[in-house]
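A quick write-up on the structure given underneath.
Every number in this text was worked out from the coordinates using simple rules, so none of it is lab data. Note that the structure is a prediction, hence the values are computed from the model and not measured. Backbone-built Cβ (ideal geometry, glycine too); neighbour counts: all protein chains shown.
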2 protein chains.
Amino acid sequence: MAKKVLVAQGGGPTAVINQSMVGAVLESRKFRDVHLVYGAFHGVRGIVDEEFLDLTRETSHNLELVAETPSSALGSTRDKPDLKYCQEIFKVLKAHEIGYFFYIGGNDSSDTVRIVSEEARKANYDLRSIHIPKTIDNDLVENDHTPGFPSAARFVAQAFMGANLDNWALPGVYIGVVMGRHAGFLTAASALGKKFPDDGPHLIYLPERVFDTEKFLADVKATMERYGRCVIAVSEGIHDAEGTPIAVKLAKEVEKDAHGNVQLSGTGQLADMLCDEIKSKLGYKRVRGDTFGYLQRSFVGCVSDVDQREAREVGEKAVQFAMWGDSDGSVVIERTGFYSSDYRLAPLEAVAGKTKVMPDEFISDSGTDVTDAFRLYLRPLLGSGMPDAFRLRQNMVPKVLKK
Amino acid sequence: MAKKVLVAQGGGPTAVINQSMVGAVLESRKFRDVHLVYGAFHGVRGIVDEEFLDLTRETSHNLELVAETPSSALGSTRDKPDLKYCQEIFKVLKAHEIGYFFYIGGNDSSDTVRIVSEEARKANYDLRSIHIPKTIDNDLVENDHTPGFPSAARFVAQAFMGANLDNWALPGVYIGVVMGRHAGFLTAASALGKKFPDDGPHLIYLPERVFDTEKFLADVKATMERYGRCVIAVSEGIHDAEGTPIAVKLAKEVEKDAHGNVQLSGTGQLADMLCDEIKSKLGYKRVRGDTFGYLQRSFVGCVSDVDQREAREVGEKAVQFAMWGDSDGSVVIERTGFYSSDYRLAPLEAVAGKTKVMPDEFISDSGTDVTDAFRLYLRPLLGSGMPDAFRLRQNMVPKVLKK
């Protein structure tokens, strides 16, 4: 019997999430029992609202161009479905006679797939549900890494490569705040912008370690004394020993917030507050803070070709696992060489709702740097054509006046 | 008699300022009366401190690699020399028997060259002084545009192209704050990220127009009602009718600053304050602000090939004007076709210390958009290989449950 496929995208967009969507759409159409491929408009919200695009009527040429376009071409949502919401989803899937459900997203999305899968089983409805991984945070368990992360990591590495050169030319303190509430992978990627031994980032603060403001100020002071400048990468999720985000803590101490609420993303507050601390406590004048914000996940024109390829393949493999396999699950990426990868289907329960953070072996003993193990892990994911920075040799001319 | 050449870089780094430096260095060495080429370490500060690098001892291979590296490889300075400072500069040039002085920078730097040139003439010292243009602000008079601007403009266009896609996927209000205190060219470049008629930026606020907060809120409301989302490009230099920067004004009204001082750059305050205004006055929930900060001038891996070529050529032409001409001056870029450009030497007085802003013909009557004349002006400067964004066609599937 002819079946319908439904593809949806959830959570924050990435540079390559459309590769996964297009991979799933084009692969689906190779199977003769698939006669229609739908796309949910704005994720699970689109499903419950029955807002479907008929992707079967799309040209493969345009699909290939959309695949190369960052962000979620189907639209996304921040809705986090509970059991009732998932039952609504299932009701619509049944009404539209969907036989295959592919949901591209992070750990929240995988949990949605898990509940929908259970509902179908309970109702004895013939549905194959597959979760396709995606997140710039790189925090999905079972996966060596997740599609979207390598391109965002490349942006962060290139941004710090440039910030370091700028800070070298006009010395001072520079803070760059990077996304990642619980996992520090993306912030740690800043280290891949480093080439010469005195290059920044000189200090990296991850949510995997407790952030102590006094220690931070001492680190900055020591770096300034050693290099005359200091480039710092900070995760938006840094927190104190009790787990309170520093953004919230500093805002309380200085009472600077207008309406009493402190956001972690989409605001420059954490960078500004850390800059204020340095200026007021250490007295340095040239202290600048940037919050990379949405640029790091949406910038057009900074993508890893390895990430593109893998994002495409997890979409294709999801369809193959669905068509030829006999169980629901989550597609995961395994590293098989230096560098090669392969894919397998993990049980939804193994991935759903869990969060991976950076392992200790990736973080230096100082807690403010990464290890070579991390460099070895990340470098191949950044893909080909990474920019490189070069310096003039310091052949100094003897002085004439002030000998 | 054998002569020495001195090259220096001033002001904020750009993606292509090293092209100009390397252009001047390599071209100088083609002239047989030049026996040494020095580079001032950290701009005019390096000159008065007699900190010179002997660039004659650099390999041309490394120079080519440095040319491709963003930021100022010789280092820069924020010092703004007055007459006394310029006399110090001249004293050092004389002591080191410098015969040719090339200074790459913006309008402050051209003024330094003008004063040094006068000092040399008054002292009857044989010095040829040439200013080489550079600034991401694009605010040098006489020039069609300035090296460094096209690459920064490309970054801004690509950033807004991505921000628009992200905002389309997860609708809300997005504000991106762009550099440029007096000239809005870089903020206006955001319009080049726009493709489809409903794409953002939907609103562009330039320092060439008075910013009115009530009008701003009305614009945002109208855009939200029309598109269900709103992407806004704001120049850091927006000001009220009296010329007071909005960053300062809003900070006063809400008294949010910790130490009484408000910065325009290197902080996310303006974006945060505008977001607060929208949230509190219009009640929209998803309001996000990014400040592009140093990323827009230092990001490695986003450069216009047209900009690279022209930055290289202004460096080379500076040397040719110096060697074959009989006057000091400032190299300026002229547009000669669609697209072609050429170079001439303008009197230093014509460029020094003056600021160009966007002409009225580049700004739409609404004051919140650019004209086609501006698109025609900027597009060729962005260079080849500009990314493009594609969409899925909206072939909606009929509803089953909620017909």
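Here are the numbers for this structure:
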| read-out | value |
| --- | --- |
| Given charges at beta-carbon only (K, R positive; D, E negative), |dipole| of the range B:364-403 in Debye | 580 |
| Sequence-separation-based contact order of the range B:302-403, relative, with Cα cut under 8 Å and 6+ spacing, percent | 27 |
| Within chain A, helix-based [θ] at 222 nm, where runs of 4 or more DSSP H residues each add -39,500 (n - 2.57), nearest 500 | -11500 deg cm²/dmol |
| For the range B:127-134, 3J(HN,Hα) per residue [Karplus equation, 6.51 cos²θ - 1.76 cosθ + 1.60, θ = phi - 60°, Hz, x = Gly/Pro] | 10, 9, 10, 10, 8, 10, x, 6 |
| Chain B: angle of helix B:107-122 to the longest principal axis, Cα-based, in degrees nearest 10 | 20 |
| Under 5 Å, built H, 5+ apart or other chain: amide partners of B:HIS239 | B:PHE211, B:ILE246 |
| Relative contact order computed over chain A (Cα-Cα under 8 Å; 6+ residues apart), in percent | 21 |
| Under Karplus coefficients 6.51, -1.76 and 1.60, residue-wise ³J(HN,Hα) of the range B:282-298 in Hz, glycine/proline x | 9, x, 5, 8, 8, 10, 10, x, 10, 10, 5, x, 6, 3, 5, 10, 10 |
| Cα gyration tensor category, rounded, prolate or oblate, for the range B:156-250 with a/c compared to 1.5 | oblate |
| Teacher prompt: A:THR244 distances to equivalent labels in other copies, 7 Å Cα→Cβ, nm | 3.5 |
| Cut-off under 5 Å, modelled amide H: who pairs with B:TYR38 long-range | B:VAL5, B:LEU6, B:VAL7, B:LEU55 |
| Environment charge at B:VAL220 (Cβ cut-off 15 Å; Lys +1, Arg +1, Asp -1, Glu -1) | +2 |
| Local net charge near B:ALA40, Cβ-Cβ under 10 Å (Lys/Arg +1, Asp/Glu -1) | -2 |
| Shielding by other protein chains, A:154-165, mean Cβ within 10 Å | 5 |
| Centre separation in Å (Cα based) which lies between the range A:196-220 and the range A:2-43 | 42 |
| Per-residue HN-Hα couplings for the range A:147-155 [Karplus 6.51, -1.76, 1.60; θ = phi - 60°; Hz; x = Gly/Pro] | x, x, 4, x, 5, 5, 5, 5, 4 |
| Alpha carbon centroid spacing (whole Å) that separates the range B:101-131 from the range A:260-333 | 47 |
| Per-residue average of Cβ from other chains inside 10 Å of A:268-278 | 4 |
| Listed residue pairs exceeding 23 Å between alpha carbons, taken from B:LYS3/B:LYS317; B:LYS134/B:LYS215; A:LYS80/B:LYS403; B:LYS91/B:LYS122; A:LYS94/B:LYS402 | B:LYS134/B:LYS215; A:LYS80/B:LYS403 |
| Of all DSSP beta bridges in the protein assembly as shown, antiparallel share, percent nearest 5 | 30 |
| Axis-nearest residue of B (beta carbon) for the B-onto-A rotation, whole Å | B:GLY268, 1 |
| Calculated label separations, B:PHE338, copies of the chain, 7 Å along the beta-carbon direction, nm | 5.5 |
| Amide H within-cut-off set for B:ASP290, under 5 Å, with H built and near neighbours excluded | B:ILE175, B:GLY176, B:VAL177 |
| Percentage relative contact order, the range A:82-237, counting C-alpha pairs under 8 Å, at least six apart | 20 |
| Other copies of A:ALA350: label-to-label distances in nm, shortest first, labels 7 Å along the beta-carbon direction | 7.2 |
| Inter-label distance, nm, simple model (7 Å from Cα along the C-beta direction), A:LYS399/B:ARG78 | 2.5 |
| Rounded to 5, the percent of DSSP beta bridges in chain B classed as antiparallel | 25 |
| Three-way shape call for the range A:1-142 based on the alpha-carbon gyration tensor, with the a/c threshold at 1.5 | oblate |
| With Cα atoms, 0 to 90° folded angle of helix A:305-324 axis to chain A main axis | 20 |
